[in-house]
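Inspection log for the structure reproduced underneath, given as structure tokens.
The values are calculated or read from the model by the stated rules, or taken from the named source; none is laboratory data. This one's a predicted model, so the numbers in the text were calculated from it and none came from an experiment. Heads up, the Cβs are rebuilt from the backbone with ideal geometry, glycines too, and the neighbour counts pull from every protein chain shown. Each accessible area value is taken on the protein alone, full model and side chains, heavy atoms only, with ligands, DNA and RNA left out. Shrake-Rupley method; radii C 1.70, N 1.55, O 1.52, S 1.80 Å.
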Amino acid sequence: MSRPLLLALTTSLLLSLCAAIAPVRAAATSAANPAPKTLRYAFRTAETSFDPAQITDLYSRTVAANIFDAPLEFAFMARPFQVRPNTAAAMPEVAADFKTITLRIQPGIYFADDPVFQGKKRELTAQDYVYSIKRHYDPRWKSGNLYVLENTKLLGLSELRKALIAANKPFDYDTEVEGVRALDRYTLQLRFGEPQPRFLYQMADGALLGALAREVVEHYDDKIGAHPVGTGPYRLTQWVRSSKIVLERNPNYREVLYDEQPPADNARLQAIAAKFKGRKLPLNERVEVSIIEENQPRWLAFLNTEQDLMDEVPVDFAPQALPNNQLAPHLVKRGITMERYTRADISASYFAMENPLVGGYTPAKVALRRAIALAVDLDSEIRLVRRGQAIPAQSTVGPNTWGYDAAFKSEMSEFDRAKAHALLDMHGYIDRDGDGWRDQPDGQPLLLEYSTQPDQEKRQLAEHWKKNMDAIGIRIVFKYAKFPEQLKASRSGKLMMWGVGWLATQPDADSFLELGYGPNKGQANHARFDLPAYNALHERQRTMADGPERAALVEQAKKLLVAYMPYKAHVHRVFTDLAHPWVKGYHRNIFARNFWKYVDVDMDEHQRRSQR
């Protein structure tokens, strides 16, 4: 036998022996040093930061909501959706006119340890919430959520901000304002210039109103987004930008026991609630989040058990995973479970209303946007690109919110190329040079620029857009960039069109109506739509208690957005999450981003099944 052949056979034998011994060694190691309960899943889009004053995207806010505590939180299993105390000792006192909210913070809640605290325990106080709210008003942080607070008319804060900007002075955190005050060490009071009947929902969002310690922010300064220190169940232990995020249980997290009240007619949730009742939260010890932007590797990572949870099955793989929207038999056989739900969301394309080509309020400009919207074949988009995982949107208001009406119908979902052609012809968007493409009424080229992301699903949607525009003789080109880059450009008003999703943070239409409110330009209002009639409707409805009068105003606002078409709302997406059998207690509350603490992971079962 030749030496090379003998070496090859020996190497092969050693590799086989190592492979056979590995599971035994792993089992022995596991028995001696049990692995921490770890929940692993992936984001489809990269995070941007973990500073509540600087983040607006879903993925960064999901992480932040598990690090920072808001005074309230959404009850995990309750239906209809409702909020309950989190760091608050009890539900807040709300004045009859909805202009004052007073709440008491539980004593004995502590921040996660950080070198800034010099080895001492740092207690959460009402002043921490005062400071954290004020940070959104500090121009330095360029808060993308400032509009949420400014629209509530918290007394004195907007005025303080404007005065300091005019004087070219830094924001003064020590100036007391009437709108947000600590009455004593644990009592927080908010006062508004107009009624705020739904502000308690905002007080349940840790990614917006989570408490930060002032000394931590001042120490880390511009790098605070990489050093989140909160009182929530987790603390950040590793962050590789756009690649991996690791969080571990916060040792200082107070004693909170699992105690959920699911609907009586939901046997599955009743069983989960009974199983975990009385268990200390969080149920797991560690969360590992990978950033996997392409659908195929994200899907394969789940199938290969590199991920425990599949957050949103990619639409490309819906036919394999969900034939006829039922869990595929081969996945059922593996013990995988499914959670299917609609979110309070829209997928939309906006037209920049200040753009000289697609923006404006003249009949010709409105006709152009309407024609483009009418040429979008939503049926084929849902069937071919979204693989049936969506329903047509009739307005910019998403389901699972007060103000959404499933019976409401409008031109928003209409597909009518003949009408699109007629509108374009009527307003002078015709082919003037014989090249087969429509031009502007003044003879200038008509060329749309549509911004989107470079992943496979977005490229398929871009192809669909091109087919739709080709069919009515309009040229369109696509500008590809990752989400954080597009977001930055959009806020600056530099994009002509962008395909984007919008997710409500509360079960109310107001989250969606903010998209068209003029003062929100560059924040929620990416289209920069600014119509006085719409602004007036929005301002009236947001101060009213829920009821028929408010519902009528919400419908009028929806109709104005359809008529002027600053947004082409395409669909409301239907999502499906999958979990391996060792993931216990998984449930999706679409408004509770701090859901990690309720998920258990059976590491022994994980190991047994992984070795099969």
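Could you tell me whether segment 400-413 includes any residue that is without any contact (Cβ under 8 Å) to a residue 12 or more places away in the chain, open to solvent by 20 Å² or more (accessible area, probe 1.4 Å), among the hydroxyl-bearing types (Ser, Thr, Tyr) and farther than 25 Å from ARG79 by Cα? Give the steps one after another, and end with the answer.
Of all residues in segment 400-413, those without any contact (Cβ under 8 Å) to a residue 12 or more places away in the chain come to 406-407.
So of that shortlist, the ones also open to solvent by 20 Å² or more (accessible area, probe 1.4 Å) come out as 406-407.
Retained after the next criterion (residues that are among the hydroxyl-bearing types (Ser, Thr, Tyr)): none.
No, that holds for no residue.
Taking segment 311-341 as the region of interest, how many residues are open to solvent by 70 Å² or more (accessible area, probe 1.4 Å) and within 20 Å of ALA42 (Cβ to Cβ)?
Number satisfying all stated conditions: 4.
Looking at segment 515-539 only, could you name the residues that are among the polar types (S, T, N, Q), open to solvent by 10 Å² or more (accessible area, probe 1.4 Å) and at pLDDT 95 or above?
Scanning segment 515-539 gives a single hit, ASN535.
Can you say whether GLU293 is closer than 23 Å to LYS458 by Cα, touching a residue at least 24 places away in the same chain (Cβ under 8 Å) and in a loop (DSSP other than H, G, I, E, B), as far as the supplied structure shows? Steps first, answer last, please.
Numbers: closer than 23 Å to LYS458 by Cα: yes; touching a residue at least 24 places away in the same chain (Cβ under 8 Å): yes; in a loop (DSSP other than H, G, I, E, B): yes.
When the stated conditions are applied, GLU293 passes them.
Look at LYS365 and say whether it is open to solvent by 20 Å² or more (accessible area, probe 1.4 Å) and in a helix (DSSP H, G or I). Write out each step before concluding.
Values: open to solvent by 20 Å² or more (accessible area, probe 1.4 Å): yes; in a helix (DSSP H, G or I): yes.
Yes.
Output yes when any residue across segment 521-534 is closer than 30 Å to LEU327 by Cβ and touching a Phe, Trp or Tyr at 6+ places or on another chain (Cβ under 6 Å), and no when none is.
Quick first cut of segment 521-534, residues closer than 30 Å to LEU327 by Cβ only: none.
No, segment 521-534 has no match at all.
Looking for whichever is more than 30 Å from ASN295 (Cα to Cα) and not aromatic (Phe, Trp, Tyr) here; the options are ALA489, ALA481, ALA418. Which one fits?
Selected residue: ALA418, the only one of ALA489, ALA481, ALA418 that is more than 30 Å from ASN295 (Cα to Cα) and not aromatic (Phe, Trp, Tyr).
Among the residues of segment 366-379, is there at least one that is touching a helix residue (DSSP H, G or I) at 6+ places or on another chain (Cβ under 6 Å), hydrophobic (A, V, I, L, M, F, W, C), in contact (Cβ under 8 Å) with a residue 40 or more places away in the chain and closer than 30 Å to GLY547 by Cα?
Within segment 366-379 (the criterion being touching a helix residue (DSSP H, G or I) at 6+ places or on another chain (Cβ under 6 Å), hydrophobic (A, V, I, L, M, F, W, C), in contact (Cβ under 8 Å) with a residue 40 or more places away in the chain and closer than 30 Å to GLY547 by Cα), the answer is no, since none of the residues qualifies.
Return yes or no: is TRP465 open to solvent by less than 40 Å² (accessible area, probe 1.4 Å), more than 27 Å from THR62 (Cβ to Cβ) and in contact (Cβ under 8 Å) with a residue 60 or more places away in the chain?
Numbers: open to solvent by less than 40 Å² (accessible area, probe 1.4 Å): yes; more than 27 Å from THR62 (Cβ to Cβ): yes; in contact (Cβ under 8 Å) with a residue 60 or more places away in the chain: yes.
In short, yes.
If you check ARG198 against the conditions, is it of a type in the set (Lys, Arg), buried (at least 16 other Cβ atoms within 10 Å of the Cβ) and in contact (Cβ under 8 Å) with a residue 40 or more places away in the chain? Steps first, please.
Details: of a type in the set (Lys, Arg): yes; buried (at least 16 other Cβ atoms within 10 Å of the Cβ): yes; in contact (Cβ under 8 Å) with a residue 40 or more places away in the chain: yes.
Yes, satisfied.
Take segment 173-190 and flag every residue that is within 31 Å of the chain's Cα centre (by Cα) and not hydrophobic (A, V, I, L, M, F, W, C).
TYR173, GLY179, ARG181, TYR186, THR187, GLN189
Confirm whether PRO282 is open to solvent by less than 60 Å² (accessible area, probe 1.4 Å) and touching a strand residue (DSSP E or B) at 6+ places or on another chain (Cβ under 8 Å).
In short, yes.
Can you tell me which residue in segment 115-150 is most open to solvent (accessible area, probe 1.4 Å), limited to those that are acidic (Asp, Glu) and either farther than 15 Å from GLY210 by Cβ or in contact with a Gly (Cβ under 8 Å, 6 or more places away or on another chain) (or both)?
Going residue by residue through segment 115-150, those that are acidic (Asp, Glu) are 123, 128, 138, 150.
From what is left, the residues that are either farther than 15 Å from GLY210 by Cβ or in contact with a Gly (Cβ under 8 Å, 6 or more places away or on another chain) (or both) are 123, 138, 150.
Details: GLU123: 28, ASP138: 15, GLU150: 50 Å².
For segment 115-150, the residue satisfying everything is GLU150.
Need the failing condition index for ALA301 against (1) open to solvent by 20 Å² or more (accessible area, probe 1.4 Å); (2) within 25 Å of the chain's Cα centre (by Cα); (3) among the small types (Gly, Ala, Ser), just the number.
Single failed check for ALA301: (1).
Can you pull out the residues in segment 245-264 that are outside any loop (DSSP other than H, G, I, E, B) and either loosely packed, with under 14 Cβ neighbours inside 10 Å or touching a Gly at 6+ places or on another chain (Cβ under 7 Å) (or both)?
Of the residues in segment 245-264, the ones outside any loop (DSSP other than H, G, I, E, B) are 245-249, 257.
Residue satisfying the conditions is LEU257 alone.
Does at least one position in segment 207-227 carry a residue that is modelled with pLDDT of 95 or more, within 22 Å of the chain's Cα centre (by Cα) and among the charged types (D, E, K, R)?
No: zero hits.
Report, by residue number, each residue of segment 297-322 that is within 29 Å of TYR404 (Cβ to Cβ) and free of Cβ contacts under 8 Å to residues at least 24 places away in the same chain.
PHE317
Check GLN440 against each of (1) more than 29 Å from VAL574 (Cβ to Cβ); (2) open to solvent by 40 Å² or more (accessible area, probe 1.4 Å) and name the one condition it does not meet.
Failed condition: (2).
Give the residues of segment 416-437 that are without any contact (Cβ under 8 Å) to a residue 60 or more places away in the chain, open to solvent by less than 50 Å² (accessible area, probe 1.4 Å) and assigned to a loop (DSSP other than H, G, I, E, B), sorted by residue number.
ASP416
Within segment 542-560, does at least one residue satisfy the condition of being touching a Leu at 6+ places or on another chain (Cβ under 6 Å), in a loop (DSSP other than H, G, I, E, B) and not aromatic (Phe, Trp, Tyr)?
No - not one qualifying residue is present in segment 542-560.
Taking segment 443-459 on its own, how many of its residues are of a type in the set (S, T, N, Q), open to solvent by 40 Å² or more (accessible area, probe 1.4 Å), modelled with pLDDT of 95 or more and within 32 Å of the chain's Cα centre (by Cα)?
Count: 0.
Among (1) open to solvent by 60 Å² or more (accessible area, probe 1.4 Å); (2) more than 28 Å from LYS458 (Cα to Cα); (3) touching a Gly at 6+ places or on another chain (Cβ under 9 Å); (4) in a helix (DSSP H, G or I), where does ILE272 come up short?
The single condition ILE272 does not satisfy is (1).
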